[in-house]
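A.B. asks: Sharing a structure below in structure tokens format, with a few things to ask.
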Amino acid sequence: MVLTGAGISAESGIPTFRGAGGLWRNFRPEELATPEAFARDPKLVREWYQWRRGVVREAQPNAGHVALAELERRVPEYLLVTQNVDNLHERAGSSKVTHLHGSIFIDRCIECGREMSPVPEEHCACGGWLRPGVVWFGEPLPEAAWQEAAAAAQCEVLLVVGTSALVYPAAALIPQAQACGAKVIEVNLEETRVSDAVDVSLRGPSARILPELL
Ligand code: OAD
């Protein structure tokens, strides 16, 4: 199993959530990616996601995404679990992908629950606000995606790439895999809170390290 976070897309030019370069108009992502922020100022939050969609559309998958697509072809039993809401894994050729935090390329009506590709209109035909189809702080993960990820965590090897491992329940997959006997390899630019607990911690940019690992 592979677990990815925002760091794998950093070299494609998509800002991560924490650390330098994550700010948008003086807002931190953590301040915008919440149900409270949307309730307070839906236009602002929609604008931020509109901006992020533009960034993602302009971005290209990097060598790290491509290496994981190749890994999928080499490993018969494989699942890529991502916290990312971009579509760069799929665009790099990965097909066994589970999105724990949804997708920015879906909008959902907060009243009737209808899902659709993002449209310029702020409201659904029923009158409800359209919100991005992502998971915000304090919201539950999509049940099916979580079940798939938890089952895949019963693996031999877990490769953890570009995540601060601070956000739960996604981060809980790491100790879960270890409890099942998995070896854990971390790839990250920096030391993280799990670096000491994993079997191998590879420090550096994933677009360099993942092709080397292959
Ligand atoms: P973070 O922004 O918390 O962490 C990004 C991680 O990537 C950090 O540990 C960086 O050191 C590392 N990193 C940065 N550039 C890298 C590179 N080129 N190569 C390798 N590693 C690199 O992002 P996530 O861990 O994904 O959730 O954050 C988890 C969740 O928090 C997100 O999915 C999002 C956010 O709130 C929701 O929106 C629900």
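A.B. asks: Give me the pairs: first residue in region 155-183 and more than 16 Å from the ligand (Cβ to nearest atom), second residue in a loop (DSSP other than H, G, I, E, B) and small (Gly, Ala, Ser), beta-carbon distance under 7 Å, and six or more apart or on different chains, which are they?
C.D. replies: Matching pairs, first to second residue: Cys155/Ala182; Glu156/Ala182; Val157/Ala182; Gln176/Ala153; Ala177/Ala153; Cys180/Ala153.
A.B. asks: Search region 105-119 for residues that are within 18 Å of Leu88 (Cβ to Cβ) and pair each with any residue that is part of a loop (DSSP other than H, G, I, E, B) and among the hydrophobic types (A, V, I, L, M, F, W, C) when their beta-carbon atoms are under 9 Å apart and the residues are at least 6 apart or on different chains.
C.D. replies: So the pair list comes out as Phe105/Val85.
A.B. asks: Could you please give the count of residues in region 105-127 that are at pLDDT 95 or above, among the aliphatic types (A, V, I, L, M) and assigned to a loop (DSSP other than H, G, I, E, B)?
C.D. replies: Total meeting the criteria: 2.
A.B. asks: A further question on this structure: Looking only at residues that are within 11 Å of the ligand (Cβ to nearest atom) and in a loop (DSSP other than H, G, I, E, B) in region 19-39, which one is surrounded by the fewest Cβ atoms within 10 Å (Cβ to Cβ)?
C.D. replies: In this case the residue turns out to be Ala20.
A.B. asks: Just to be sure before I move on: is Asp86 touching a strand residue (DSSP E or B) at 6+ places or on another chain (Cβ under 8 Å), part of a loop (DSSP other than H, G, I, E, B) and either among the acidic types (Asp, Glu) or farther than 22 Å from Ala177 by Cβ (or both) in the structure I sent?
C.D. replies: yes
A.B. asks: Would you check which residues across region 1-18 are in contact with a strand residue (DSSP E or B) (Cβ under 6 Å, 6 or more places away or on another chain), within 11 Å of the ligand (Cβ to nearest atom) and either hydroxyl-bearing (Ser, Thr, Tyr) or in a loop (DSSP other than H, G, I, E, B) (or both) and list them?
C.D. replies: Passing the criteria: only Thr4.
A.B. asks: Considering only residues that are without any contact (Cβ under 8 Å) to a residue 40 or more places away in the chain, part of a loop (DSSP other than H, G, I, E, B) and aliphatic (A, V, I, L, M), which ones fall in region 128-154?
C.D. replies: Val135
A.B. asks: Here's something else I'd like to know. Under the condition of being part of a strand (DSSP E or B) and among the charged types (D, E, K, R), which residue from region 157-214 is nearest to Gln83 (Cα to Cα)?
C.D. replies: So the residue we want is Glu186.
A.B. asks: Follow-up question, since we're still on this one. Give the residues of region 67-96 that are closer than 20 Å to Pro118 by Cβ, hydrophobic (A, V, I, L, M, F, W, C) and free of Cβ contacts under 8 Å to residues at least 60 places away in the same chain, sorted by residue number.
C.D. replies: If the condition is that a residue be closer than 20 Å to Pro118 by Cβ, hydrophobic (A, V, I, L, M, F, W, C) and free of Cβ contacts under 8 Å to residues at least 60 places away in the same chain, then Val85 is the only one that fits.
The values are calculated or read from the model by the stated rules, or taken from the named source; none is laboratory data. Fair warning: this is a prediction, and the values are worked out from it, not measured in the lab. Here Cβ is always computed from backbone atoms with ideal geometry, including for glycine, and neighbour counts include all displayed protein chains.
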